[in-house]
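**Student:** I have a structure here, written as structure tokens, and I will follow up with some questions on it.
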Amino acid sequence: MHLGDTSAIITGGASGLGEATARYFASQGAQVTLLDRDSTRGMQVAQDIGGHFVQTDVTDETSVQTAVTYAIEKMGLITAAVNCAGIADAIKTVGREGPHPLPDFQRTIDINLVGTFNVSRLAAEAMQGNAPEADGARGVIINTASIAAFDGQKGQVAYAASKGGVVGLCLPMARDLAKTGIRVMTIAPGIFMTPMLAGLGEDVQSQLAADVPCPPRLGDPAEYGRLAGFIVECGYLNGEVIRIDGALRMR
Ligand code: NAD
């Protein structure tokens, strides 16, 4: 698959890693449809890159089905689905204010894990109808976990569990979809300079950056976008999780 011939849906495409991926894919000639709940930013990014935007809640079946139908209407088909929509929270199992509220835990799992699965299954159903390439390839799904799936920190119990789930579904989904020529890959980012991180202030940012062995800086979202592009083009990558973290292992 060549990135220039790709028709991609990108969730969370209004911000951060999803936006950077959308910009990189479009710069290489790909058709892009952004799926995000933030319509102001989403429409702006889509306009900038000459792509499409559809307001979507990844946790909602009808919303994602509508978005997939819209993307096919606009692009003709879907050959790549990149899942970047997600939220992060910081609540301990039992904190000063009592036990972790169950609705907060469920919300994080719902957006990060169930949302990723919801988009993957509906994108895969659409990709099944694509004409196969010479080696049978019909499409690729790229999900976003986090190094918190492996090295979760205090206060990350819900986030780490949701990302552990994203890691866990990668191989079985790749196996499920193998017969139809759809690959499934997962990227586990370290700490990237996205709007979420920018809000923490420069002191916290430089402290976080100092813990990254090499290069000693936060990740650039464009680096995530280029990795996603490489995964699209490298047809032998399947069923695996790639860390992109400057060798950071959080203690
Ligand atoms: P971000 O906050 O900049 O972007 C997330 C986007 O997801 C936003 O545009 C938001 O509107 C959208 N979104 C949230 N819930 C949604 C929903 N229910 N339906 C549709 N869209 C929804 O965050 P980011 O830093 O770009 O993170 C992107 C992904 O990468 C997340 O899954 C995050 O957990 C993961 N990640 C980020 C980092 C990092 O350091 N930034 C590290 C590891 C993993």
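**Student:** Using a 7 Å offset from the Cα along the Cα-to-Cβ direction at both Glu223 and Glu202, what is the distance between the two label points in nm, to one decimal?
**Tutor:** A separation of 2.1 nm, rounded to one decimal place.
**Student:** On to the next question. Using the alpha-carbon atoms, what tilt in degrees (0 to 90, nearest 10) does helix 61-75 show relative to the longest principal axis of the chain?
**Tutor:** 50
**Student:** Considering only DSSP states other than H, G, I, E and B, which chymotrypsin sites (Phe, Trp or Tyr not before Pro) in the range 114-196 qualify as loop sites with at most 15 other Cβ atoms within 10 Å?
**Tutor:** Answer by residue number: there is no such site.
**Student:** Excluding ligands, DNA and RNA, what is the solvent-accessible area per residue of the chain at a probe of 1.4 Å, expressed in Å²?
**Tutor:** 48
**Student:** How much of the pair distance distribution for the chain lies past 25 Å, counting alpha-carbon pairs only, in percent? Present the calculation step by step, with values, prior to reporting the outcome.
**Tutor:** Working: 12424 of 31375 pairs.
Tail of P(r) above 25 Å: 40 percent of Cα pairs.
**Student:** Could you order the peptides 218-224, 7-13, 76-82 from most to least packed, using the average number of other C-beta atoms within 10 Å per residue? Write down the numbers at each step before the final one.
**Tutor:** Values: 218-224: 19.4, 7-13: 29.7, 76-82: 23.7.
Descending mean neighbour count gives 7-13, 76-82, 218-224.
**Student:** With only alpha-carbon atoms in the gyration tensor, what are the semi-axes of the equivalent ellipsoid for the range 2-122, in Å, largest first?
**Tutor:** In descending order the semi-axes read 30, 15, 11 Å.
**Student:** Something else: When only C-alpha pairs under 8 Å and at least 6 residues apart count, what is the relative contact order of the chain, in percent?
**Tutor:** Details: 521 pairs, mean separation 52.0, N = 251.
Normalised by residue count, the contact order of the chain is 21 percent.
**Student:** Do any GluC sites (Glu not before Pro) in the range 117-217 lie in a DSSP loop with no more than 14 other beta carbon atoms within 10 Å, and if so, which?
**Tutor:** Taking the range 117-217 and a limit of 14 other Cβ atoms within 10 Å, the loop GluC sites (Glu not before Pro) found are Glu133.
**Student:** Carbon and sulfur: what percent of the chain's accessible surface (1.4 Å probe)?
**Tutor:** On the way: 6330 of 11930 Å².
Roughly 53 percent of what the probe reaches on the chain is carbon or sulfur.
**Student:** Let me ask another. If you take every residue apart from Lys92 with its C-beta less than 12 Å away from the C-beta of Lys92, what net charge results, scoring Lys and Arg +1 and Asp and Glu -1? Could you put the intermediate results ahead of the total?
**Tutor:** On the way: positive: Arg96, Lys154; negative: Asp89, Glu97, Asp104.
Taking every Cβ under 12 Å from that of Lys92, the sum is -1.
**Student:** By how many degrees, 0 to 90 and rounded to 10, does the Cα axis of helix 221-233 deviate from the longest principal axis of the chain?
**Tutor:** Helix 221-233 and the main axis of the chain meet at about 40 degrees.
The values are calculated or read from the model by the stated rules, or taken from the named source; none is laboratory data. None of these values were measured; they are calculated from a predicted model. So basically every Cβ, Gly included, is an ideal-geometry build from the backbone, and we count neighbours across all protein chains shown. Calculation scope for accessible area: heavy atoms of the full protein, side chains included, ligands and nucleic acids excluded. Shrake-Rupley method; radii C 1.70, N 1.55, O 1.52, S 1.80 Å.
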